[in-house]
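Reading through the structure tokens given below for one structure.
The values are calculated or read from the model by the stated rules, or taken from the named source; none is laboratory data. Quick caveat: nothing in here was measured; it's all calculated off a predicted structure. In this analysis, Cβ positions are derived from the backbone assuming ideal geometry, glycine residues included, and neighbour counts consider all displayed protein chains. Just so you know, the surface numbers come from the protein's heavy atoms only, side chains and all, with ligands and any DNA or RNA stripped out. Shrake-Rupley method; radii C 1.70, N 1.55, O 1.52, S 1.80 Å.
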Amino acid sequence: MQKQEQAAWVREGRCAMGIELGSTRIKAVLIGPDHAPVAMGAHDWENRLEDGVWTYHMDDVWQGIQSAYADLAANVEKDCGERLSRLEAVGVSAMMHGYLPFDAEGHQLAPFRTWRNTMTAKAAEELTALFSFNIPQRWSIAHLYQAILSGEEHVKDIAFLTTLAGYVHWKLTGVKALGVGDASGMFPIDSQTGDYDAGMLAAFDQKVTGYPWKLREILPKVLNAGEDAGCLTEEGARLLDPTGALEAGIPLCPAEGDAGTGMAATNSVAERTGNVSAGTSVFA
């Protein structure tokens with residue numbers, strides 16, 4: 001009976017899909033209205049060390065996402081007897097932090113610098129002093145400021161700076177936004193406003209001059225869980241599913257980092273539960 005019910009959910013477009021880009025595997029998971037998994041797909045990948053930078057190529061990102069989605073769709077058809085074409089919602093999460101800058105035409109300006117890189121010690125130290133707030137080396141703002149300190153030519157052309165999840169979400173929807181959890185790994189968040197800390201933004205802009213942008217202008221908009229973060233465009237649908245079966249128009253939640261999705265996956269967001277992480281980020 002369960003398989004028949006799940007087949008009906010797939011046919012009626014009542015399932016939601018999550019895509020997670022981890023450090024060694026890209027996962028696609030389909031859940032039903034009961035929040036239990038219906039099917040999943042996966043693709044293994046690895047970062048590369050190129051010119052002293054740990055990175056992933058964007059071609060690898062899309063090949064991996066398409067492979068994981070195709071694996072998911074094949075498993076849905078095998079287990080439920082239905083072709084995956086309609087979804088109720090989609091969400092993207094990925095490894096947090098790092099550096100992905102783009103110009104006004106959407107061209108990538110520098111190789112993706114992942115959380116794994118440790119070339120921003122001077123920037124992290126100076127920003128920690130400037131903000132009176134700890135800025136780890138892996139944070140996006142540390143990477144940006146280090147590029148400024150190093151005199152990197154591309155910085156003047158930045159129109160958008162985001163994380164891996166933010167990049168994938170942007171390409172799927174056209175919306176330049178992030179969930180507050182992932183955004184907090186780019187730049188400090190004011191807990192009262194749920195937005196980037198205004199005082200720290202002002203301090204950065206006062207210190208960094210001579211560029212045609214202000215910091216807030218190039219950062220993604222910050223959204224809370226449940227807010228409208230756009231819909232899957234036709235172009236986005238083809239990026240996920242080149243076969244053309246997946247329909248556009250599916251709503252997406254704000255993209256998040258792996259910290260928040262880890263809490264959701266273990267149900268640590270339920271009342272009277274807790275979560276402690278002691279990985280690359282330590283938080284409670």
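For the reader, a short list of remarks on this structure follows.
- When the range 28-41 is filtered for residues that are of a type outside the set (Val, Ile, Thr) and either more than 30 Å from Arg116 (Cα to Cα) or open to solvent by 30 Å² or more (accessible area, probe 1.4 Å) (or both), the ones remaining, listed by number, are Gly32, Pro33, Asp34, His35, Ala36, Pro37, Ala39, Met40.
- Flag: Lys156 matches the condition of being surrounded by fewer than 15 Cβ atoms within 10 Å (Cβ to Cβ), in contact with a Pro (Cβ under 8 Å, 6 or more places away or on another chain), over 27 Å from Glu227 (Cβ atoms) and not hydroxyl-bearing (Ser, Thr, Tyr).
- Only strands (runs of 3 or more DSSP E) whose full extent lies in the range 38-119 are considered here, and the ones with at least 3 residues that are of a type in the set (Gly, Ala, Ser) are 89-94.
- Filter result (surrounded by 19 or more Cβ atoms within 10 Å (Cβ to Cβ) and within 17 Å of Glu247 (Cβ to Cβ)) within the range 61-79: Gln66, Tyr69, Leu72, Ala73, Val76
- The range 5-27: number of residues that are open to solvent by 70 Å² or more (accessible area, probe 1.4 Å) and either in contact with a Cys (Cβ under 8 Å, 6 or more places away or on another chain) or part of a strand (DSSP E or B) (or both): 1
Residues are listed down the side, and each one gets a yes or a no for (1) among the charged types (D, E, K, R); (2) exposed (fewer than 12 other Cβ atoms within 10 Å of the Cβ); (3) within 28 Å of Asp103 (Cβ to Cβ):
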{"site": "Val208", "(1), (2), (3)": "no, no, yes"}
{"site": "Arg216", "(1), (2), (3)": "yes, no, yes"}
{"site": "Lys221", "(1), (2), (3)": "yes, no, yes"}
{"site": "Pro251", "(1), (2), (3)": "no, no, no"}
{"site": "Thr261", "(1), (2), (3)": "no, no, no"}
{"site": "Thr273", "(1), (2), (3)": "no, yes, no"}
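- Just one residue in the set Thr118, Thr114, Thr128 is in contact (Cβ under 8 Å) with a residue 40 or more places away in the chain and among the hydroxyl-bearing types (Ser, Thr, Tyr); that residue is Thr114.
- Of all residues in the range 248-269, those satisfying the criterion of being among the hydroxyl-bearing types (Ser, Thr, Tyr) and assigned to a loop (DSSP other than H, G, I, E, B) are Thr266, Ser268.
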